[in-house]
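This report concerns only the one structure given below.
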Protein chains: 2
Amino acid sequence: MNRPGIARSWSRPDHHSLLAPDLRPTAYPARVIALDRELEEHLELTRDARLGRYLDFLRIPSISTLPEHAGDCRAAAEWLAARLTEAGVEHVAVEETGGHPIVTGDWLHAEGAPTAIVYGHYDVQPVDPLDLWESPPFEPIVKGDRVQARGAADDKGQVMIHVPAVGALIATRGSLPVNLRFVFEGEEESSSAHLDAWLEANRERLRADVAIISDTSFFDGNRPAITIGLRGIMAAQVDVAGPAVDLHSGTYGGTVENPVFALATILAALKGPDGRIRVPGFYNEVRALTELDRESMRKLPFDEAAYLELTGSPALVGEAGFSTLERRGARPTLEINGIWGGFQGDGTKTIIPAHAHAKITCRLVADQNPETIFERLRLYVEDIAPPSVLVDVKFLGGGLPSLTPIDHPATRAAARALTETFGQEPLYIREGGTIPVAASFEQILGLPVVLLGFTPPDDHAHAPNEYMNLRNYETAIRTIVRFWDELAVAGDIGSDDEAGGPRYP
Amino acid sequence: MNRPGIARSWSRPDHHSLLAPDLRPTAYPARVIALDRELEEHLELTRDARLGRYLDFLRIPSISTLPEHAGDCRAAAEWLAARLTEAGVEHVAVEETGGHPIVTGDWLHAEGAPTAIVYGHYDVQPVDPLDLWESPPFEPIVKGDRVQARGAADDKGQVMIHVPAVGALIATRGSLPVNLRFVFEGEEESSSAHLDAWLEANRERLRADVAIISDTSFFDGNRPAITIGLRGIMAAQVDVAGPAVDLHSGTYGGTVENPVFALATILAALKGPDGRIRVPGFYNEVRALTELDRESMRKLPFDEAAYLELTGSPALVGEAGFSTLERRGARPTLEINGIWGGFQGDGTKTIIPAHAHAKITCRLVADQNPETIFERLRLYVEDIAPPSVLVDVKFLGGGLPSLTPIDHPATRAAARALTETFGQEPLYIREGGTIPVAASFEQILGLPVVLLGFTPPDDHAHAPNEYMNLRNYETAIRTIVRFWDELAVAGDIGSDDEAGGPRYP
């Protein structure tokens, strides 16, 4: 599962925990819309075999971070390649990356139709703490609607939605309505260490119109959701230097600038009392929220009181004029991630510190660019810093925001497919965080990204007793079939950059 | 030597290094004013013997911080007690303190005359680095006008100014013009660990009108100086709490208050662009500088450019309307001594920190009170803190400022004595720091303190090759004799509190 954030190791609360309990439906109203009769019959006939395959996949302990499981990762890759071949995918290969292999394959005979890249990953998280599992993590069990095992949701379950979907299409129609390229990596849970280099090296081969990433969750219960926006990020450090060494605050106090005070005045000037970021030009490229955007966010079931309680903060605050969910997903932010300078021990040390430092990250939204934003921050900080200190603003990294609008043809195709198969319109989620894999597809291949995931919001990904809802799983296979049909007639879904080149850096 | 500062271990540059080299006279113009003819003859006759005693004292390695020298400390105390007795001081005792002993004695037969406490210390600093000494630290040598040895200046040399001064008076007149109580401690270089308790326990016995502390330096060359002001101190910590735990800045950024940002806004609001402290009421009790004060500070030889270079800061700044020396010694300050919160490592961690902290000290001037100032700071911080965080302001300690005005009768008596013996008027120094021993005498005994010291500003106290200027030493003995005569007719020099009780806490 893609966990938003520049630092993937940072664990965040799951989505579901943001919701008040009473908002979590327990009844499961899935309604499968009739597909082609023959295709639906095929899916019904193969249901047990499909579940068996899925459980077999879950039995392979492909933990990518643990060296002793390297062989299991390769076994999972080869097992998956065999399933793609069985499904009718062509040019299936287990490609070397320097780390765990990437499984690829394609089907490119839908002349004139769009080409989509399907991304997922076959590696899984470690299983600690083992004693909290109700059943062994690599011995999958089916309890009612649940398949419980490590990887049941993240992400083997979602990979095993795409494979039977394409298999059923090829088996019943002999063809696909769109062109597909599969990219299933084996290092998503260990920072996708080799993915970017592999994408770079294979950019020409990977020309496509859209990337479909199936590694996200629903927002609430079993109501379908599409993640349309991810925030980008700009990371910086501000270093303020004053005296050459720490000075005695009695002997020198009152005569030289205190770098911590200077830093405080700089940081305090970065945001106004209205929560607006004061860096000149900061909002210049921010794409305004449309009424459609705002309406879709208002529709999200969201309990502010429960969210506030979850944070443990005294109050929810932020940029004036925007709702909490808008501020969280659709507006840029500036946060101080850390600060230090001078004495931090018990008691008192009577010094004027020689220097002070702060870490800053901005979350960016379309169409902000991290390097542009950094430059504006740097200029502003240099401008407001008192001349009695030296200030240095360093760029620590950045990532572009991602936004595939609600009315993008690929988003609309996905929404139609979800509505027809799940029986209700999807929610549209703007994630506050940054999903590096999405940025990789956007930046390296220049593709719009549709984040189309199907796991329950409380799927326990990365935690004990991870599970997938089996009814959602079956419905999702129908969704994917329908999605390819919808995408085939969706009109212009091409990437912004026709050359398929990187839009960033 | 008293090193200003709440943390005595903090080493600060010596005074002399604040001065441009061209301001340091090399010629030595000392001029000894004729005293009583008989007394001066006595001093001349005993000169060699006096020097011999002084050198004997310096040979005792009474390093108070090193346990292996505990016996030497006691030997120095007993040696000193013998000298006091020889001089005619009465009730001489080596008093137990729980640490190194305190040497006491008195002469109280000047009926109707003021009573002064004379403070000094017989312990010395360690001698590292030994290889930088030109001669062994406890084998004193006389080179021209210099006596070089550990303790030659700090503070054995100054103790051995007072003892022969009183000896000469008693030897030639049979009496003293004032009543004196001697308090020579043995732990000044190890934080005076037992002094306060001993003063408390002996408060009744130690009734007096003024305390004379001889443990400071001249400001420049061999021009005499009186330290008339020491700043007090108020130490506090500000703790700001936001979310219950560090939150992911992508998932939560823009919706909750960032405690580091809140702390920065609080700190930035503590001082204005004019350098004035914005805490309401902060300056209420500040005694305004008189024209005499300002004139005396203007007279101090002070090279701003050299001072700036010494600090290593880009500029000298501070409260508008006051000179650098005024801001440093005669105006209160607010400094942030340290700050911390969130991530301080390399790279980036995308968090909203749960909490942030700052250490603050204010240097206070007469008649500010640390507890009053703390209360005003606390109320102000609580007032300006955004309601979206919790803020806690803690008192970490305080010390009263000390100011014995230039026109205080005891100061004037000292100034007359210095002018007559050194041939030029003294400079008046306001130290930016806080000398704990002075505060002890002020606070516990309720006495005005006159800081009357005679060592050269570049005496290398605490460093290798510590020295005393022998001509200043001899002149200083005459100064002390003259001072007691002047003090006897100085008028009302009594403490503020006639009961001799503590003015603080």
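Would it be correct to say that B:I117 is in the same structural domain as B:D56 (by TED's automatic domain parsing), among the hydrophobic types (A, V, I, L, M, F, W, C) and without any contact (Cβ under 8 Å) to a residue 40 or more places away in the chain?
Judged against the criteria, B:I117 is not a match.
Please pick out the residue among B:G99, B:G71, B:G88 that is at negative phi, surrounded by 15 or more Cβ atoms within 10 Å (Cβ to Cβ) and not basic (K, R).
After ruling out the rest, the residue left standing is B:G99.
Starting from residues that are modelled with pLDDT of 95 or more and of a type in the set (D, E), keep the ones in region B:379-413 and report whichever is surrounded by the most Cβ atoms within 10 Å (Cβ to Cβ).
The extreme case among them is B:D392.
Checking B:V286 against (1) in contact (Cβ under 8 Å) with a residue 12 or more places away in the chain; (2) outside any helix (DSSP H, G or I); (3) within 13 Å of chain A (Cβ to nearest Cβ); (4) surrounded by 17 or more Cβ atoms within 10 Å (Cβ to Cβ), which test does it fail?
(4)
Quick one: how many residues across region B:328-349 are at pLDDT below 95 and charged (D, E, K, R)?
3
Only one of (1) under 15 Å from A:V178 (Cβ atoms); (2) free of Cβ contacts under 8 Å to residues at least 40 places away in the same chain fails for A:E96. Which number is that?
The single condition A:E96 does not satisfy is (1).
Does region A:73-94 contain at least one residue that is among the hydrophobic types (A, V, I, L, M, F, W, C) and modelled with pLDDT under 95?
no
State all residues of region B:112-153 that are among the hydrophobic types (A, V, I, L, M, F, W, C) and either part of a strand (DSSP E or B) or under 14 Å from B:H69 (Cβ atoms) (or both); if no residue qualifies, say none.
Correct list: B:A116, B:I117, B:V118, B:V124, B:V127, B:F138, B:I141, B:V142, B:V147.
State the number of residues belonging to region B:419-435 that are out of contact with any strand residue (DSSP E or B) (no Cβ under 7 Å at 6 or more places or on another chain) and not in a loop (DSSP other than H, G, I, E, B).
4
Of all residues in region B:401-431, how many are under 14 Å from B:A366 (Cβ atoms) and within 14 Å of another protein chain (Cβ to nearest Cβ)?
4
Search region B:309-333 for residues being within 7 Å of chain A (Cβ to nearest Cβ) and in a helix (DSSP H, G or I), and hand back the single one that is nearest to A:V391 (Cα to Cα).
B:T311
Can you find even one residue in region B:217-231 that is within 8 Å of chain A (Cβ to nearest Cβ), on the phi < 0 side of the Ramachandran plot and not β-branched (V, I, T)?
yes
Restricting attention to region A:349-369, which residues are over 20 Å from B:A241 (Cβ atoms), at the interface with chain B (Cβ under 7 Å from one of its Cβ atoms) and either surrounded by fewer than 22 Cβ atoms within 10 Å (Cβ to Cβ) or in contact with a Lys or Arg (Cβ under 8 Å, 6 or more places away or on another chain) (or both)?
Across region A:349-369, the qualifying residues are A:K349, A:R363.
Among the residues of region A:424-466, what is the count of those that are polar (S, T, N, Q), surrounded by fewer than 24 Cβ atoms within 10 Å (Cβ to Cβ) and at pLDDT 90 or above?
2
How many residues does region B:154-177 contain that are touching a residue at least 24 places away in the same chain (Cβ under 8 Å) and in a loop (DSSP other than H, G, I, E, B)?
So the count comes out to 5.
Can you find a residue in region A:268-276 that is within 20 Å of A:R328 (Cβ to Cβ), facing chain B (nearest Cβ under 8 Å) and surrounded by 22 or more Cβ atoms within 10 Å (Cβ to Cβ)?
Checking region A:268-276: at least one residue is within 20 Å of A:R328 (Cβ to Cβ), facing chain B (nearest Cβ under 8 Å) and surrounded by 22 or more Cβ atoms within 10 Å (Cβ to Cβ).
Looking at (1) crowded, with 24+ Cβ neighbours inside 10 Å; (2) assigned to a loop (DSSP other than H, G, I, E, B); (3) in the same structural domain as A:E111 (by TED's automatic domain parsing); (4) of a type outside the set (D, E, K, R), which is the only condition A:I212 fails?
Going through (1) crowded, with 24+ Cβ neighbours inside 10 Å; (2) assigned to a loop (DSSP other than H, G, I, E, B); (3) in the same structural domain as A:E111 (by TED's automatic domain parsing); (4) of a type outside the set (D, E, K, R) one by one, A:I212 breaks only (2).
Can you name every residue in region A:334-348 that is surrounded by 19 or more Cβ atoms within 10 Å (Cβ to Cβ) and more than 7 Å from every other protein chain (Cβ to nearest Cβ)?
A:L334
Taking region B:127-147 on its own, how many of its residues are in contact with a strand residue (DSSP E or B) (Cβ under 8 Å, 6 or more places away or on another chain) and among the small types (G, A, S)?
Residues meeting the conditions: 1.
Six or more apart or on different chains, Cβ under 6 Å: which pairs go from a residue in region A:415-427 that's closer than 13 Å to A:L452 by Cα to one that's at pLDDT 90 or above and among the polar types (S, T, N, Q)? Could you list them?
A:A417/A:T479; A:L418/A:T479
Kindly indicate whether any position in region B:48-64 is at pLDDT below 95, of a type in the set (S, T, Y), surrounded by 15 or more Cβ atoms within 10 Å (Cβ to Cβ) and within 23 Å of the chain's Cα centre (by Cα). Break it down stepwise before answering.
To start, the set of residues in region B:48-64 that are at pLDDT below 95 comprises B:64.
Applying the additional criterion that residues be of a type in the set (S, T, Y) yields B:64.
Filter once more, so that each one left must be surrounded by 15 or more Cβ atoms within 10 Å (Cβ to Cβ): B:64.
Pick out the ones that are also within 23 Å of the chain's Cα centre (by Cα) and you get B:64.
Yes, region B:48-64 has at least one match.
B:R471 fails exactly one of the following numbered conditions: (1) part of a helix (DSSP H, G or I); (2) within 20 Å of B:V118 (Cβ to Cβ); (3) not polar (S, T, N, Q). What is the number of that condition?
Answer for B:R471: the failing condition is (2).
Any idea which residue in region B:178-192 is modelled with the highest pLDDT, counting only those that are assigned to a helix (DSSP H, G or I) and in contact with a strand residue (DSSP E or B) (Cβ under 7 Å, 6 or more places away or on another chain)? So that I can check it myself, show each step before the final result.
Narrowing region B:178-192 to residues assigned to a helix (DSSP H, G or I): B:188-190.
Adding the requirement that they be in contact with a strand residue (DSSP E or B) (Cβ under 7 Å, 6 or more places away or on another chain) leaves B:188-189.
Details: B:E188: 90, B:E189: 87.
Filtering first and then ranking leaves B:E188.
For region B:101-108, state whether one or more residues are assigned to a loop (DSSP other than H, G, I, E, B), of a type outside the set (S, T, Y) and closer than 23 Å to B:V481 by Cα.
yes
Look at B:A439 and say whether it is assigned to a helix (DSSP H, G or I) and among the aliphatic types (A, V, I, L, M). Lay out the reasoning, then the answer.
Values: assigned to a helix (DSSP H, G or I): yes; among the aliphatic types (A, V, I, L, M): yes.
Criteria met by B:A439.
Of everything in region B:225-257, what is touching a residue at least 12 places away in the same chain (Cβ under 8 Å), in contact with a helix residue (DSSP H, G or I) (Cβ under 7 Å, 6 or more places away or on another chain) and among the β-branched types (V, I, T)? Give them in sequence order.
Residues satisfying the conditions are B:I226, B:I228, B:I233, B:V238, B:V240, B:V256.
Starting from residues that are surrounded by fewer than 24 Cβ atoms within 10 Å (Cβ to Cβ) and over 17 Å from B:G432 (Cα atoms), keep the ones in region A:244-264 and report whichever is nearest to the other protein chains (Cβ to nearest Cβ).
A:A244
The values are calculated or read from the model by the stated rules, or taken from the named source; none is laboratory data. Quick caveat, the model's predicted, so the values are computed rather than measured. Virtual Cβ from ideal backbone geometry, glycine too; neighbours counted across all protein chains shown.
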